[in-house]
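The values are calculated or read from the model by the stated rules, or taken from the named source; none is laboratory data. These numbers come from a predicted model, not from an experiment. No Cβ is skipped: glycine too gets one built from the backbone with ideal geometry, and neighbour counts run over all protein chains shown.
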Amino acid sequence: MRINVMWLVVVLVSGVCSAESLDMRAHVCRADLIYDKPITRSEAGMPIGNGRTGTLIGTTPGAIHMQINRVDVFGNDCTTHSFNRNEDYCAGCGFVDIELGGWNDPPFTEADYRQRVNVYDGEMTLQSKGVKIRAVAHPTLDVIALQIDDQRQTPHPIRIDLCKLRYAHKFYSQQNHALSREPS
């Protein structure tokens, strides 16, 4: 009797999870993120990456913003004087800001805004006021690519700003006390 019950359970589970009965795309796409208005905090951006290199993609009214992260980048170690050594500060590499202009009529406002991460295809799409953006991360290389299609009546020039996450810190070994007494 016990063997028959186990066998019945196995048949039920395998029947539910068989490849024929499961539409993998429909199943995985239930995890998609869909925003119908711009985010207000950068940490709420849409994630895109390959498990090693990634970013959160967010917008302000006239620009796309990304902080590029990599899992093996750490901002401090036993020789670092830039940060408190007890802080957990890792992964951040730099910022990428892509300005799309149109300050009189910015492209990324709540009107006609749709941003989506398609988990099955591994891509982020954004559509708003005639601007379409598609972002993908290469599965094995440290590459995140964006395709920008500006179909506004008057497309504006695109400006890209790249910035390191950390600026250079100056540390003067055994001179801090003397430097703190000097007038600036």
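Could you say whether any residue in the stretch 90-103 is charged (D, E, K, R), at pLDDT 90 or above and touching a Gly at 6+ places or on another chain (Cβ under 7 Å)? Write out each step before concluding.
Initially, the stretch 90-103 is screened for residues charged (D, E, K, R), giving 97, 99.
Adding the requirement that they be at pLDDT 90 or above leaves 97, 99.
Subset that is touching a Gly at 6+ places or on another chain (Cβ under 7 Å): 99.
Scanning the stretch 90-103 turns up at least one residue that is charged (D, E, K, R), at pLDDT 90 or above and touching a Gly at 6+ places or on another chain (Cβ under 7 Å).
Here's a check for you: in the stretch 129-140, which residue that is of a type outside the set (A, V, I, L, M) and at pLDDT 95 or above is nearest to F74 (Cα to Cα)?
Per the stated criteria, the residue is R134.
Within the stretch 141-174, count every residue that is at pLDDT below 60 and more than 32 Å from the chain's Cα centre (by Cα).
Going through the stretch 141-174 one residue at a time, the tally reaches 2.
For the stretch 42-67, give me the residue count where each residue is within 17 Å of G94 (Cβ to Cβ), assigned to a loop (DSSP other than H, G, I, E, B) and touching a Leu at 6+ places or on another chain (Cβ under 7 Å).
Residues that pass the stated criteria total 1.
Yes/no per residue for (1) modelled with pLDDT under 90; (2) surrounded by fewer than 17 Cβ atoms within 10 Å (Cβ to Cβ); (3) not charged (D, E, K, R):
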residue	(1), (2), (3)
L8	yes, yes, yes
A19	yes, yes, yes
P38	no, no, yes
M46	no, no, yes
G58	no, no, yes
N69	no, no, yes
D88	yes, yes, no
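Checking V28 against (1) among the β-branched types (V, I, T); (2) over 20 Å from C90 (Cβ atoms); (3) buried (at least 17 other Cβ atoms within 10 Å of the Cβ), which test does it fail?
(3)
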